[in-house]
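Read through the structure below, which is laid out as structure tokens, and then see the notes.
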Amino acid sequence: MGWNHRVLEHKYENNVYYKIHEVYYDKNGIPDGYTKDGTSIESDSLEGIKWALNKMQKCLSKPVLSAENFPEEVSINPDDNE
């Protein structure tokens, strides 16, 4: 299962907003989960921050995904693995 950063469209009541999430893919390359919270940038090095910003910048050239297309129960919280 691979992952990358993607912009997700969220809807709350009559409002639409966008967040960058880590999106995970099944073995066929179909998006099947995303991190519960939007992505933040933190690293123990400046190079790590540059890497993350570069990956986030690349996601802006890809189609926006709708959070409504993911079942709520497959949203992934990376902290759950600790």
Study note, to complete from the structure: Quick calc, K55 & K19: beta-carbon distance into FRET formula, R0 22 Å, rounding 0.05, result 0.90
Study note, to complete from the structure: With all protein chains present and a 1.4 Å probe, the order of S45, S40, S61 from largest accessible area down is S61, S40, S45
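The values are calculated or read from the model by the stated rules, or taken from the named source; none is laboratory data. These numbers come from a predicted model, not from an experiment. So basically every Cβ, Gly included, is an ideal-geometry build from the backbone, and we count neighbours across all protein chains shown. Accessible surface areas use protein heavy atoms only, side chains included; no ligands, DNA or RNA. Shrake-Rupley method; radii C 1.70, N 1.55, O 1.52, S 1.80 Å.
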